[in-house]
Amino acid sequence: MSELLGTQAKAPGLSERWGPVALYLLKRLLSGALVLLAGTAAVFFTIQAAPGDPALSALGEQATPEAIAAFRAEYGLDAPLMVQYVRWLLGFFQGDLGQSLAVARGMPVGALVLQKLPATVFVGFFALFLAVVLSLVLGTLAALNRGKATDTIATSIAVFGVSMPDFWMSYVLIFGLSLGLGLFPAFGYVAPSTSLTGALHATFLPALAIAAPMAAVFARTLRAVLIETLSKPYVTAAKSFGLRRPFILVHFVLRNAMVPYLTVVGLQIRYILGGVVVVERIFGIPGIGSLMVDGAFARDYNVLQACTVVFLAIVLLVNVAVDMICALLDPKQTVK
Amino acid sequence: MTSFRRFLQHRTGVIGLLIVVIVALAVLIGPALIPYGPEDMDFMAMLAPPSAAHPFGTDSFGRDVLSRVLLGGRVSLLISFTAILIAAVLGSWIGILSGYHMGWTDGVLMRVMDLLFSFPSFILAMLLMVLFGFSSANIIAAIALVYLPIFARIARNTTLLIREEPFIQASRLMGRRPAAIMLTEILPNISAPIMVQASVGFAFAIILEAGLSFIGLGVQPPTPSLGGIMSDGREYFSRAPWVLTMSGMAISVALLGINLLGDGLRDLTDPKLRERT
């Protein structure tokens with residue numbers, strides 16, 4: 001029966017599956033590292049090419065030439081560009097991202113980033129989790145009730161969702177759930193290390209604001225993929241064997257829909273991180289996004305550079321993780 | 001004409017088109033029909049709630065929010081539209097070159113596009129704005145650069161699909177120059193997916209521009225923009241919520257229209273997707 005259903009007679013165990021997956025992962029990690037390396041060079045030289053002098057912006061227009069020279073010597077800005085880049089890169093691999101020029105002058109940027117990273121990662125993952133849960137529910141409901149009222153409602157929610165930018169969604173949530181019903185705070189952050197429930201409570205609105213437009217995109221993708229999967233011969237075969245519908249849905253339909261769904265989720269990480277920047281600002285969350293905006297207004301090039309590279313690294317890491325999950329779900333992916 | 005008639009049968013697509021036309025007319029001729037300028041201050045009516053005289057209320061300087069939203073909408077939509085137009089033209093060009101020549105041209109161009117595509121879009125746009133200054137031209141350039149790789153990939157993949165088709169081979173055998181083949185044979189055949197992507201990208205660009213202006217790294221005051229008006233509104237949003245709400249709803253209406261129109265265009269050009277929905 002299992003041959004007829006299109007699955008292998010003996011599904012390979014998890015340990016057998018890891019071999020090719022590990023090799024594939026290694027390749028993905030390597031290419032990710034190469035992109036990160038190219039990214040650091042691109043960011044570094046773009047910053048150098050831009051008009052504006054970090055010494056002038058840190059010391060003010062009235063700075064004496066001696067003060068500027070001293071500043072440049074102190075921060076190693078007087079060396080040739082290639083030397084500065086290699087120095088920066090070597091430092092980067094040792095966790096040294098230089099010193100802050102303006103936001104917290106003299107403080108190591110690496111320490112600043114480490115201090116701010118947990119909040120961003122927490123809110124980002126919370127948002128991702130909410131977006132996945134919301135979209136699984138909406139997308140599955142819509143696909144299973146295709147053409148019926150449930151589908152129309154779910155699809156409409158999704159269309160309105162993509163029309164709500166996260167910063168506008170933030171205020172709708174603040175109006176409704178914070179100022180209106182008083183359920184959640186409109187501002188502030190609690191670290192999960194202090195209190196996990198406190199952190200979830202404090203960051204629910206920002207996470208939901210980031211998640212809502214993402215959930216809409218995910219749900220639309222999932223609906224389209226599910227509808228296509230539902231029409232596959234193996235689903236018809238499974239039905240004709242009298243397998244129960246929830247079983248078919250989980251083991252045949254959702255499982256096969258997961259790879260295209262997760263691919264879209266991986267692509268949207270770039271937008272989730274963009275949303276984090278603005279939403280952190282609105283809700284006063286002390287994360288990398290807030291740090292980068294502070295760095296932007298203070299023209300602190302070291303902070304800007306470090307934040308950009310850290311965001312790039314997060315995107316690349318999450319994409320490798322998504323590739324890994326896809327490869328475990330469907331080993332065929334490793335051949336591509 | 002037949003494809004336009006087919007589009008007219010797509011109910012939500014037509015609704016989207018109507019919304020887009022109404023929004024475009026409102027921002028283009030609306031400001032001329034309103035008795036207040038976006039900079040006219042009325043100190044007798046500061047933070048006045050919506051009324052017959054001021055349908056969207058007034059802000060902290062007593063400026064009419066409706067006329068600011070319309071003019072800000074014009075600024076935001078023009079910036080986003082120009083950025084996507086540039087990204088679509090440049091991206092198609094890069095993608096066609098890549099897909100048609102393949103080899104090292106393809107390798108180099110696509111690695112650069114991959115690198116651009118890896119950066120979180122908002123972060124990259126923000127960095128470029130800080131480095132190169134807050135002029136409208138720079139906002140357009142930043143958004144165009146962020147969206148460029150998406151058009152380049154689509155143009156390249158579609159070009160790869162059709163480059164060995166008999167009609168292209170025939171052109172090549174006739175001794176036509178590659179540039180002419182790309183322009184007259186390939187471009188018309190990849191324009192449909194580019195158009196669909198442009199509508200998606202237009203919505204994306206509006207969100208990106210509004211986000212930048214909202215945190216103060218985009219369009220600078222006194223020029224109104226939708227994100228800028230929202231940013232003004234958040235300062236006193238518990239006392240006078242209409243400034244933030246009305247500008248936010250204006251963004252949503254524009255995005256809704258563009259998204260519905262984009263869905264219609266996609267269903268029209270991709271028969272496979274049409275079956276799915």
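The values are calculated or read from the model by the stated rules, or taken from the named source; none is laboratory data. Note that the structure is a prediction, hence the values are computed from the model and not measured. Neighbour counts are summed over all protein chains in view; Cβ atoms, including those assigned to glycine, are modelled from backbone coordinates with ideal geometry.
General remarks:
- Wholly within the stretch A:38-140, helices (runs of 4 or more DSSP H) carrying at least 3 residues that are within 14 Å of chain B (Cβ to nearest Cβ): none
- Of all residues in the stretch B:246-260, exactly one satisfies the criterion of being among the hydroxyl-bearing types (Ser, Thr, Tyr) and more than 8 Å from chain A (Cβ to nearest Cβ), namely B:247.
- Within the stretch A:8-17, the presence of a residue that is at pLDDT 70 or above and exposed (fewer than 13 other Cβ atoms within 10 Å of the Cβ) is excluded.
- Scanning the stretch B:103-125 for residues that are touching a residue at least 40 places away in the same chain (Cβ under 8 Å) and not small (Gly, Ala, Ser) yields B:106, B:109, B:110, B:113, B:122.
- Tabulated pairs, the stretch A:174-188, first among the aromatic types (Phe, Trp, Tyr), second not in a helix (DSSP H, G or I), C-beta under 7 angstrom, 6+ apart or interchain: A:187/A:284
- Residue match in the stretch B:1-13 (condition: part of a loop (DSSP other than H, G, I, E, B) and among the aromatic types (Phe, Trp, Tyr)): no
- Under the condition of being hydroxyl-bearing (Ser, Thr, Tyr) and either within 19 Å of residue A:157 (Cβ to Cβ) or touching a Phe, Trp or Tyr at 6+ places or on another chain (Cβ under 6 Å) (or both), the residues counted in the stretch A:204-257 number 1.
- The set of residues in the stretch B:118-155 that are at positive phi and surrounded by 23 or more Cβ atoms within 10 Å (Cβ to Cβ) is empty.
- In this structure, residue A:87 does satisfy being of a type in the set (D, E, K, R) and more than 24 Å from residue A:287 (Cβ to Cβ).
- Selected residue [under 20 Å from residue A:277 (Cα atoms) and surrounded by 17 or more Cβ atoms within 10 Å (Cβ to Cβ)] from A:219, A:209, A:224, A:191: A:209
- Check on residue B:202, at pLDDT 90 or above and either under 24 Å from residue A:213 (Cβ atoms) or at the interface with chain A (Cβ under 9 Å from one of its Cβ atoms) (or both): yes
- All positions within the stretch B:80-115 that are farther than 20 Å from residue B:197 by Cβ and among the small types (Gly, Ala, Ser): B:103, B:107
- Restricting the stretch B:216-232 to residues that are in contact with a Phe, Trp or Tyr (Cβ under 8 Å, 6 or more places away or on another chain) and within 11 Å of another protein chain (Cβ to nearest Cβ), the residue that is surrounded by the fewest Cβ atoms within 10 Å (Cβ to Cβ) is B:216.
- Residue within the stretch B:131-140 that is in contact with a Leu (Cβ under 8 Å, 6 or more places away or on another chain) and either small (Gly, Ala, Ser) or touching a residue at least 60 places away in the same chain (Cβ under 8 Å) (or both) present: yes
- Of all the residues in the stretch A:149-179, those that are away from every other protein chain (no Cβ under 14 Å) and outside any helix (DSSP H, G or I) number 0.
- Restricting the stretch B:74-117 to residues that are surrounded by 22 or more Cβ atoms within 10 Å (Cβ to Cβ) and within 14 Å of chain A (Cβ to nearest Cβ), the residue that is farthest from residue B:253 (Cα to Cα): B:80
- Residue in the stretch A:259-274 that is without any contact (Cβ under 8 Å) to a residue 40 or more places away in the chain, surrounded by fewer than 20 Cβ atoms within 10 Å (Cβ to Cβ), under 29 Å from residue B:114 (Cα atoms) and facing chain B (nearest Cβ under 10 Å) present: yes
- Residue match in the stretch A:106-125 (condition: within 19 Å of residue A:286 (Cα to Cα) and at pLDDT below 85): yes
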